[in-house]
Amino acid sequence: MEDEQSFSDICGGRLALQRRFYSPSCLEFCLSCPRITLRSLTAVTCTVWLAAYGLFTLCENTMILSAAIFITLLGLLGYLHFVKIDHETLLIIDSLGIQMTSSYASGKESTTFIEMGQVNDVVINEAIYMQKVIYYLCILLKDPVEPHGISQVVPLFQSAKPRLDCLIEVYRSCQDILAHQKATSTSP
Amino acid sequence: MGLVSRGAAEAGRGAASAVDRPGPPDAVPNPTPTPPAEGADPGSSRPGMVLKAFFPTCCASADSGLLVGRWVPEQSSAVVLAVVHFPFIPIQVKELLAQVQQASQVGVTVLGTWCHRRQEPEESLGHFLEGLGAIFSHRPWFQLCRERGSKSWSCKATHWQGPASPAASGEDQVMLIFYDQRKVLLSQLHPPTALPDRQAGDTTASAGGLAAVFDTVARSEALFQSDRFDEGPVRLSHWQSEGMEASILVELAKWAAGPVCLFLACLLSLISAASACRVFKLWPLSFIWSKLSTCEQLRHRLEQLTLIFSTRKAESPAQLMRKANMLVSVLLDVALGLMLLSWLHRKDLIGQLADALIPVADRVAEELQHLLQWLMGAPAGLKMNRALDQVLGRFFLYHIHLWISYIHLMSPFIERILWHVGLSACLGLTVALSILSDIIALLTFHIYCFYVYGARLYCLKIHGLSSLWRLFRGKKWNVLRQRVDSCSYDLDQLFIGTLLFTILVFLLPTTALYYLVFTLLRLLVVAVQGLIHLLVDLINSLPLYSLGLRLCRPYRLAAGVKFRVLEHETGRPLRLLMQINPLPYSRVVHTYRLPTCGCHPKHSWGSLCRKLFFGELIYPWRQRGNKQD
């Protein structure tokens, strides 16, 4: 079962939230970030090449122009492979754990899996980000030493940065699954 | 609700899957999540709980049989290790499992049945399955089933109390997690952080469910020793059942490693005994050995080689990795050293270097003389105290003159020395670099001497100035209380003190300038030596074997796991694929870094500046508590 909704992020860009419901104990959320636009790409390339041409008129060295081309190409490849995140996925499996995957524009995927035994709770926190106050969803991890303490806060959807309405959707579904998991895992 | 569910359970058991003959299957009834009856054995299931079954991908196409593995009650998950095929004799299966349990300390039992059917099952097989469940009593009892040629799976986990009360049985939902057995067997989990205050008792609980799965598979090697070509009583299906994995080269290397290690260990112990003999502990020799970084590097390498070729087997995987990293590092070092040697000899660079060395030393001395002449004049427009200037300048010039004569005395022997030093590159590039660093230290010895003279003079002056400044203000340093106290001086004390203070203040610029110039020169030499040492440290400590393993066999070093949801149809159980998430390169380097000599500067920038200001001598690196020239 799959449905898609449209939200916006904190800067106003369009986000698409895809929710896949596999079973009552397994849920997947996929948040797609705004794509790289032709306008920004053209703007950056033109700036770099104009600067290189300006240097060339000063120095009369053609190496500057070829260096500018290389820098633009390598910079674009590096940006697509290491910086630009295409979509972020959150997979919650009851009694197994929570998995976060970030897929980059070049296809690279980086995954983190947190076992359910380490998860204390999933909450929405407030944070001050530059001049704004934003909300973000995060996982609270248990402290192994202290039973009710929190050892670490793992923020989710850091590149997409959705607004509160999107976060509430994800939060409700997560809490359903966590409540179900807590109900079934209490020791007899 | 209860009657209907019980009825569905009965029907489900009746039309169960085929076992060894392909019978025509019906559509297997959807496993309805029925709550278990009261009186179900405690501790194994709770209402609506989902059980996890870890199933190896190699067994997904195996013929029908029994599932053999381990049940982990804390995570309510079953780790399937192998499939026992029909026909079998239950007694023999139990014997085999007992053997494996004894050999590996893993609680291997029969978990359930597996059927891979083509057509509809026969009626009698349903009862046969029930009978199996009675022979191998395990709660919960899994029944996995797959239609041949399609992707539809079904699985049930039942708890029944036995034939006496067949009605009191419950079913749980099962989640199938596929894993690659070979990769999970070979991989090693690296937990994110190891907490310091963890007791030994709760390692398994806090280690997490997935670490238990990895542990189970890794320790059950005894189960995977027989393949399908063996004529044993029981026929198993697992990752090695198509044939045991082995390599001739590895076996030969293992066989040859014993005597070779023994021989090399004896040789190395001879060398270390020779180097530890009393002759080398006499004062002048031991002083020189402690100063040279070459000796340090050679000692480090000797230690590493002793560890690699020791005849004791590595106890833990971390130790094995360390040995492998050291071996690869030594081999790379020697390879780079031989390349350097061939390059030097090909271009006859040693002769050219020897010819160029004396003129370079002369040139450096000449530049220093010019510098001193400049300081003795009016450097940068500053006005120096003439007398002190002349004294210091002449003293340093005489020193340079001595140095030049010494270099000229050594000149006939330089080429021979350099040639022998070049030969030492075959011991490794690090040794050659350490020798280069030592040669630089020896050639700039006069700069070091000038720095020490300048620093001592300046330090003396600063201490005198601070003490006399306190006198000027009427205070005194209390050595007992380690603080400044007021003190009443006599008039003549004050007079002499103020006079001396004035003299020192007016002589300060001259001394400070000499100190500044020679400190800068010394820092330059230290920076060059530091760069060389950094390169040597890099070669020493980089874990190349681990990096290569991460590049070529990423599943061996696992940071964790990742899951992928496979095709899902409603009514069928949820199927996940568990893959290994490899360790990032930065963590590989951080975890498997080899220990180095530890020749890193121990000062922070603040303390360095403080020492420079007060004229204290800087020793940029300390090796094992000794000072470096």
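Rule-based calculations on the coordinates, nothing more; no lab input. Everything quoted here is computed from the prediction, not taken from an experiment. So basically every Cβ, Gly included, is an ideal-geometry build from the backbone, and we count neighbours across all protein chains shown.
Relative to the Cα centre, what is the charge dipole magnitude of the protein assembly as shown, using +1 at the beta carbon of each Lys and Arg, -1 at the beta carbon of each Asp and Glu, and rounding to the nearest 20 debye? Working shown, then result.
Numbers: 74 positive and 64 negative charges, 613 e Å.
Charge dipole of the protein assembly as shown: 2940 debye, to the nearest 20.
State the percent of C-alpha pairs, over all pairs in segment A:38-82, separated by a distance greater than 15 angstrom. Taking all Cα-Cα pairs of segment A:38-82, the fraction more than 15 Å apart is 45 percent. The GluC sites (Glu not before Pro) found in segment B:270-364 that occupy coil by DSSP, while having at most 15 further C-beta atoms within 10 Å, are B:315.
Across segment A:1-42, the residues whose backbone nitrogen lies under 20 Å from the label position 7 Å along the beta-carbon direction of residue A:165 are A:3-20, A:29-35.
Along its principal axes, chain A has C-alpha extents of 81, 39, 33 angstrom, given from the largest down.
Starting from 0.36 nm per residue, how many nanometres of slack lie between residue B:312 and residue B:506 once their C-alpha separation is accounted for? Extending this stretch completely gives an extra 62.9 nm.
Give, in nm to one decimal, the length gained when the segment between residue B:611 and residue B:287 is fully stretched (0.36 nm per residue of separation minus the Cα-Cα distance). Kindly include the intermediate steps, with their values, before the conclusion.
Details: separation 324, 0.36 × 324 = 116.64 nm, distance 2.55 nm.
That works out to 114.1 nm of additional length.
Under the criterion of Cα pairs below 8 Å and six or more residues apart, the relative contact order for chain A equals 18 percent. A Förster radius of 25 Å combined with the Cβ-Cβ distance from residue A:79 to residue A:125 puts the calculated FRET efficiency at roughly 0.30.
Using the Cβ-Cβ distance between residue B:443 and residue B:383 with R0 = 45 Å, the FRET efficiency computed as 1/(1 + (r/R0)^6) comes to roughly 0.85.
Measuring r between the beta carbons of residue B:255 and residue B:417 and using R0 = 51 Å, the FRET efficiency lands at 0.70. Taking a ≥ b ≥ c as the square roots of the eigenvalues of the Cα gyration tensor, segment A:96-147 is classed as oblate, since a/c reaches at least 1.5 and a/b does not exceed b/c. Does the protein assembly as shown come out rounded, prolate or oblate, given a ≥ b ≥ c as the square roots of the eigenvalues of its C-alpha gyration tensor, rounded meaning a/c under 1.5 and, failing that, prolate meaning a/b above b/c? It is prolate, given that a/c is not under 1.5 and a/b is the larger ratio.
Out of every Cα pair in segment B:261-373, what percent are spaced more than 19 Å from each other?
Distances greater than 19 Å cover 68 percent of the Cα pairs.
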